[in-house]
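The values are calculated or read from the model by the stated rules, or taken from the named source; none is laboratory data. Treat the numbers as computed from the prediction; the structure is a model and nothing was measured. Every residue, glycine among them, receives a Cβ derived from its backbone with ideal geometry; neighbour counts consider all protein chains shown. The protein model used for the area step is the full one, side chains on, heavy atoms only, and it has no ligands, DNA or RNA in it. Shrake-Rupley method; radii C 1.70, N 1.55, O 1.52, S 1.80 Å.
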Amino acid sequence: MTLFTLPEDQIAIRDMARSFAAERIAPHALDWDERKHFPLDVLREAAALGMGGIYISEEHGGSGLTRLDAALIFEALSLGCPTVAAFLSIHNMAAWMIDRFGSAAQRERFLPALCRMDTVAAYCLTEPGSGSDAAALRTTARREGDTYVVNGAKQFISGAGAADVYVTMVRTGEAGPKGISTLVVPSDAPGLSFGPNERKMGWNAQPTRAVIFEECRVPVENRLGEEGIGFRIAMAGLDGGRLNIGACSLGGAQAALDKSLAYMAERKAFGQRLDAFQALQFRLADMATELEAARALLYGAAAALDRKDPDATQRSAMAKRFATDTGFRVANEALQLHGGYGYLSEYGVEKIVRDLRVHQILEGTNEIMRVIVARGLVGN
């Protein structure tokens, strides 16, 4: 259900992703979560269908699709598992940064393998002492001839230890955003290591580790763009990343709502089916309405980003905040409607609740989304 009719090509893209999620992701999601298994083989199957480089140029093996197309894809994949879909979003974001800001030689070198997911990408911005205050990052890169020597650590990095390249924000100059540059760090770079896999509330089907740089040597030719534009690169990537993670919240919440509808059609109390009680019908109606409102806001923001509207960053922040808050709230309500069964892992609802909670934190916390929107309104 949408507030407008999608064209046939976008419906086909969405349905392809839904079919893939139903056949290759959903049947295994609970097992991957329990075993903390990272399904790279399935991600590579998705890449073979064009989902490894969704908005990467076709010239280098990408699909050349739009941000709205991407939102449809990530929402559809999240019907199967938000964790797997979210990692694919991060990979796409990192690859897009190379496509958008890299040289012709860098695009030729990195992108074909990234689009096939023969090479997997991670995004390294957050640090132990600078999460929301990204411009205060302290990981340094000093230049020695044709090499940067990197020292510092990144925290909460999805795919760390399993990824092949790390698109990393480092400090090459002065304090603040103008002193930040971007390096593509290969996994075999001397001096690169990883912390243990973090024990998390959710997102168990992808590894999360610290990335540690100790006199790590990276060729200067791996820098994206000029020195000092790294903060702009990071923020440009996050506009799309925020839409994608919002879409993942919508897909996960829709799956939780669908589970609730099926459960309430079968479960009886006081002599009638649960979905016959008007009070519960109203709760379902509110869940569906809130999801549809979030969907409309997110699709509109994605279209604004495709058009390069001047307010696209503000609209992306609005959509991310609203979609992730709504997604978690709807999933949590779905758990409540399942009663005690919702708390059991076999029903799959508690996993969705655990997975969606972190969406309100990553890609910029929802408090920071409010800061971005407020600045757009009052000009501070």
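Rounded to a whole number, what % of the accessible area of the chain do carbon and sulfur atoms account for, probe 1.4 Å? Walk me through the numbers on the way to the answer.
Numbers: 8410 of 16070 Å².
Ligands and nucleic acids excluded, carbon and sulfur give 52 percent.
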| query | Using the beta-carbon distance between residue 217 and residue 280 and R0 = 45 Å, what value does 1/(1 + (r/R0)^6) give for FRET efficiency, to the nearest 0.05? | reply | 0.15
| message | What lysines does residue 259 reach when the alpha-carbon gap must be under 16 Å and sequence neighbours fewer than 8 apart in one chain are set aside? | response | 268, 351
| Rounded, prolate or oblate: which fits segment 199-245 when a ≥ b ≥ c are the square roots of the eigenvalues of the alpha-carbon gyration tensor, with rounded for a/c under 1.5 and prolate only if a/b beats b/c? | oblate
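Can you give the accessible area per residue of the chain, in Å², using a 1.4 Å probe? Kindly include the intermediate steps, with their values, before the conclusion.
On the way: 16070 Å² over 380 residues.
In whole numbers, the chain has 42 Å² accessible per residue.
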| remark: Using alpha-carbon positions, the gyration tensor of segment 190-332 gives root eigenvalues a ≥ b ≥ c; with a/c under 1.5 called rounded, otherwise prolate if a/b exceeds b/c, else oblate, the class is oblate
| said: Less than 18 Å from a label point 7 Å out along the Cα-to-Cβ axis of residue 108: which backbone N atoms in segment 193-228 qualify, by residue? | reply: 221-225
| remark: For residue 155, the residues 5 or more places away or on another chain with a placed amide H closer than 5 Å to its own amide H are 126, 127, 211
| said: If I stretch the segment between residue 58 and residue 136 completely, what's the gain in nm (0.36 nm per residue apart, minus their alpha carbon distance), one decimal? | reply: 24.5 nm
| message | Projecting each Cα onto the charge dipole of segment 91-238 (Lys/Arg +1, Asp/Glu -1 at the beta carbon, about the Cα centre), which of 190, 119, 148 comes out farthest on the positive side? | response | 119
| How high is the relative contact order of the chain, given as a whole-number percent (alpha carbon pairs under 8 Å, six or more residues apart)? | 17 percent
| message | Loop only by DSSP, 13 or fewer other Cβ within 10 Å of the Cβ. Give me the trypsin sites (Lys or Arg not before Pro) in segment 305-345 that pass, ordered by residue number. | response | 308
| Relative contact order of segment 132-291, pairs being alpha-carbon contacts under 8 Å that are 6 or more residues apart, as % | 22 percent
| Alpha carbon centre of segment 117-173 versus segment 184-234: separation in Å? | 4 Å
| task | Please report the relative contact order for segment 1-118, taking Cα pairs under 8 Å with a sequence separation of at least 6, and give it as a percent rounded to a whole number. | result | 31 percent
| said: Between residue 346 and residue 9, what is 0.36 nm times their sequence separation minus the Cα-Cα distance? Round to one decimal in nm. | reply: 117.7 nm
| message | Is there a quick way to get the dipole size of the chain? I mean about its Cα centre, with the Cβ of Lys and Arg at +1 and of Asp and Glu at -1; what is the value in debye to the nearest 20? | response | 760 debye
| message | Could you compute the net charge surrounding residue 215? Neighbours are other residues with a C-beta less than 12 Å from the C-beta of residue 215; K and R count +1, D and E count -1. | response | 0
